[in-house]
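The values are calculated or read from the model by the stated rules, or taken from the named source; none is laboratory data. Just so we're clear, the structure is a prediction, and the values are computed from it rather than from any experiment. Glycine gets a Cβ as well: all are built from the backbone with ideal geometry, and neighbour counts include every protein chain shown. Just so you know, the surface numbers come from the protein's heavy atoms only, side chains and all, with ligands and any DNA or RNA stripped out. Shrake-Rupley method; radii C 1.70, N 1.55, O 1.52, S 1.80 Å.
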Amino acid sequence: MACNCIAEVDAKLAERNTRIMLPIMLGADQTARPMIVTDQIETGRGKKKAVGMFATFCPFCGVSFTQEPTPC
Ligand SMILES: [Zn+2]
């Protein structure tokens, strides 16, 4: 885990009955990344389902989720 922001923000949001939407990560990379919530433009039969997007950087502190943090 690159940083602890998600856990900290989640704890604050819990007071407001809210939580960050985190996808279940499959495979070797188990880093918890917040999901960008998307919406379908057109709905109905034959329309493609909306895809999920993952944040590459922490939206709270800007740390990269994909690299090990470099020691100062
Ligand atoms: Zn962070």
> What are the pairs, 6+ residues apart or on separate chains, where a residue within the stretch 39-60 that is among the polar types (S, T, N, Q) has its Cβ under 7 Å from a residue that is at pLDDT below 90 and within 16 Å of the ligand (Cβ to nearest atom)?
Replying inline: 56/64; 56/65; 56/66
> Within the stretch 12-23, is even one residue β-branched (Val, Ile, Thr), assigned to a loop (DSSP other than H, G, I, E, B), open to solvent by 100 Å² or more (accessible area, probe 1.4 Å) and modelled with pLDDT under 90?
Replying inline: no
